[in-house]
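**Student:** Below are the structure tokens for one structure; questions will follow.
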């Protein structure tokens, strides 16, 4: 089995992220640092990531976490900020977030030790929908809605068409429901900036078939067996 696939089966990360870790010299096989992507490993090989021995997880676990603003979606943070995984230090298996929510955003975050599922959820070919409730400055008019639905220019590349629905017009702000399947950096915030609005609050309420529902901010729960079935069927 290729090393990056083995790492994914151990729940370390998606294959793409595993390749970055290999290239960075963070992975050893039988005591030797490996940076070649095509390296083959067997079940009896000793594979370590940053010194930690990894083994394929026999039991796959899936957790929804309502990430609050002010936490980073990384294992550690060099700036000393609160990390999502701080809440899961005592969890029975090592979990990893599927994708990211930026520091200022909140909402549904999926964590799992299922590297293969993580890979499928994040791969562009699967076009997994992500739905956000955004509260933005000013009154969003239909011209801006049409622009977002058709795609706006970010970094010289047009975004894919988004699903956009105005939820509530306030005196000085608008609540908008936005669904995208791309994953560019701070994409929803930049999309609204492109049509003249600043995002005041951004909450992810749906990821693929999973919904945040009434889960309180800062709390988590394991997926039900039905949710796991829907998630696997979705991909």
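**Student:** Would you pick out the residues in segment 25-74 that are farther than 16 Å from residue 94 by Cα, assigned by TED's automatic domain parsing to the domain that holds residue 229 and in contact with a helix residue (DSSP H, G or I) (Cβ under 8 Å, 6 or more places away or on another chain)?
**Tutor:** 67, 71, 72
Yes/no matrix, rows are residues, columns are (1) assigned to a strand (DSSP E or B); (2) in contact (Cβ under 8 Å) with a residue 60 or more places away in the chain:
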{"residue": "128", "(1), (2)": "no, yes"}
{"residue": "143", "(1), (2)": "no, no"}
{"residue": "164", "(1), (2)": "yes, no"}
{"residue": "167", "(1), (2)": "yes, no"}
{"residue": "178", "(1), (2)": "yes, no"}
{"residue": "184", "(1), (2)": "no, no"}
{"residue": "206", "(1), (2)": "yes, yes"}
{"residue": "213", "(1), (2)": "no, no"}
{"residue": "216", "(1), (2)": "no, yes"}
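**Student:** For segment 208-222, does any single residue satisfy the condition of being within 18 Å of residue 164 (Cβ to Cβ) and surrounded by fewer than 14 Cβ atoms within 10 Å (Cβ to Cβ)? Walk me through it before giving the result.
**Tutor:** Going residue by residue through segment 208-222, those that are within 18 Å of residue 164 (Cβ to Cβ) are none.
No, segment 208-222 contains no residue that is within 18 Å of residue 164 (Cβ to Cβ) and surrounded by fewer than 14 Cβ atoms within 10 Å (Cβ to Cβ).
**Student:** What are the residues in segment 199-222 that are touching a strand residue (DSSP E or B) at 6+ places or on another chain (Cβ under 7 Å) and more than 23 Å from residue 187 (Cβ to Cβ), if any?
**Tutor:** 215, 216, 218, 219, 220, 221, 222
**Student:** Residues that are over 18 Å from residue 221 (Cα atoms) and at pLDDT 90 or above: find the strands (runs of 3 or more DSSP E) completely inside segment 1-103 holding 2 or more of those. I'd like the intermediate steps shown before the answer.
**Tutor:** Details: elements: 27-29, 47-49, 62-67.
Passing ranges, in order: 27-29, 47-49.
**Student:** Among the candidates 165, 217, 229, 186, single out the residue that is farther than 22 Å from residue 115 by Cα and not assigned by TED's automatic domain parsing to the domain that holds residue 148. Write out each step before concluding.
**Tutor:** Details: 165 fails: not assigned by TED's automatic domain parsing to the domain that holds residue 148; 229 fails: farther than 22 Å from residue 115 by Cα; 186 fails: not assigned by TED's automatic domain parsing to the domain that holds residue 148.
Selected residue: 217, the only one of 165, 217, 229, 186 that is farther than 22 Å from residue 115 by Cα and not assigned by TED's automatic domain parsing to the domain that holds residue 148.
**Student:** Surrounded by 15 or more Cβ atoms within 10 Å (Cβ to Cβ), out of contact with any helix residue (DSSP H, G or I) (no Cβ under 9 Å at 6 or more places or on another chain) and in contact (Cβ under 8 Å) with a residue 24 or more places away in the chain: is that true of residue 188 in this structure? Explain how you work it out, then say what you get.
**Tutor:** Numbers: surrounded by 15 or more Cβ atoms within 10 Å (Cβ to Cβ): yes; out of contact with any helix residue (DSSP H, G or I) (no Cβ under 9 Å at 6 or more places or on another chain): yes; in contact (Cβ under 8 Å) with a residue 24 or more places away in the chain: yes.
So residue 188 fits the description; yes.
**Student:** Starting from segment 38-50, take each residue that is within 14 Å of residue 19 (Cα to Cα) and list its partners that are at pLDDT below 90 and in a strand (DSSP E or B), counting only C-beta distances under 9 angstrom and pairs at least six apart or across chains.
**Tutor:** Between residues of segment 38-50 that are within 14 Å of residue 19 (Cα to Cα) and residues that are at pLDDT below 90 and in a strand (DSSP E or B), the close pairs are 38/2; 39/2; 40/2.
**Student:** Consider segment 103-122. How many of its residues are over 17 Å from residue 230 (Cα atoms) and either touching a residue at least 40 places away in the same chain (Cβ under 8 Å) or buried (at least 21 other Cβ atoms within 10 Å of the Cβ) (or both)?
**Tutor:** Number of matching residues: 6.
The values are calculated or read from the model by the stated rules, or taken from the named source; none is laboratory data. Computed from a predicted model, the values in this text were never measured in an experiment. Cβ: placed from backbone, ideal geometry, glycine included. Neighbour counts: every protein chain shown.
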